[in-house]
Amino acid sequence: MSFSFHLRAAPTSGVRALHASTVTLAAAGFALAAWLGPPAWAGAWIGGGVAACWAAWRYGGRRLSWGRLSVDESGDGRWEAQDDAAAEGARTVRIERWCATERLVWLRLAETGDGGRRDTLIARDACSAEQWRCLRAWLNWLGRG
């Protein structure tokens with residue numbers, strides 16, 4: 001089977017909404033705990049909630065990498081980081097783990113050589129229908145090994 005496609009991974013409205021939902025989930029959880037817990041603990045729960053919301057907003061998407069994924073005809077992947085300060089170009093990567101849903105794909109890429117890991121989210125609305133089909137077919141092919 002032959003694969004060949006290029007795909008940009010960049011923050012889209014779907015990824016931003018997912019990031020915002022982590023903040024909302026933290027706020028809702030701590031608000032519920034403050035409401036259901038003893039009144040003496042309400043201030044502590046609210047303070048913890050503020051800290052959790054800040055951490056979710058500040059660090060929630062920190063591990064995500066943005067850039068360009070290229071897959072050649074033989075199914076080998078290459079990753080070119082958007083913020084590559086060293087300008088080393090595309091690096092050969094392999095998929096360590098992945099999860100695909102109807103509208104979102106999460107990839108954990110491991111660079112060959114130094115073993116660096118990158119996580120990226122690719123939203124369906126960020127690519128064409130053909131790119132999405134190629135990505136899903138490539139992941140299914142990798143899953144069968």
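The values are calculated or read from the model by the stated rules, or taken from the named source; none is laboratory data. Quick caveat: nothing in here was measured; it's all calculated off a predicted structure. Neighbour counts are summed over all protein chains in view; Cβ atoms, including those assigned to glycine, are modelled from backbone coordinates with ideal geometry.
For (1) closer than 30 Å to L25 by Cα; (2) in contact (Cβ under 8 Å) with a residue 24 or more places away in the chain, each residue gets a yes or a no:
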position	(1), (2)
W66	yes, yes
D72	no, yes
R108	yes, no
A137	no, yes
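Among residues of region 41-63 being under 17 Å from the mean Cα position of the chain (by Cα) and buried (at least 16 other Cβ atoms within 10 Å of the Cβ), the one that is nearest to F5 (Cα to Cα) is G61. With respect to being within 21 Å of W106 (Cα to Cα) and assigned to a helix (DSSP H, G or I), H19 fits the description. Of the residues making up region 10-53, those that are in contact with an Asp or Glu (Cβ under 7 Å, 6 or more places away or on another chain) and modelled with pLDDT of 85 or more number 0.
Residue-wise test of (1) of a type in the set (A, V, I, L, M); (2) modelled with pLDDT of 85 or more.
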| position | (1), (2) |
| --- | --- |
| Q82 | no, no |
| E88 | no, no |
| R97 | no, yes |
| A100 | yes, yes |
| L109 | yes, yes |
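Restricting attention to region 61-72, does a residue exist that is within 30 Å of S13 (Cα to Cα), among the β-branched types (V, I, T) and outside any helix (DSSP H, G or I)? Yes - at least one qualifying residue is present in region 61-72. Among the residues of region 111-145, those identified as at pLDDT below 90, closer than 18 Å to W66 by Cβ and of a type in the set (A, V, I, L, M) are L121, I122, A123, A126. What are the residues in region 73-128 that are of a type in the set (S, T, Y), surrounded by 11 or more Cβ atoms within 10 Å (Cβ to Cβ) and under 19 Å from H19 (Cβ atoms), if any? Across region 73-128, the qualifying residue is only T120.
Within region 25-40, being exposed (fewer than 13 other Cβ atoms within 10 Å of the Cβ), of a type outside the set (A, V, I, L, M) and in a helix (DSSP H, G or I) holds for W35, P39.
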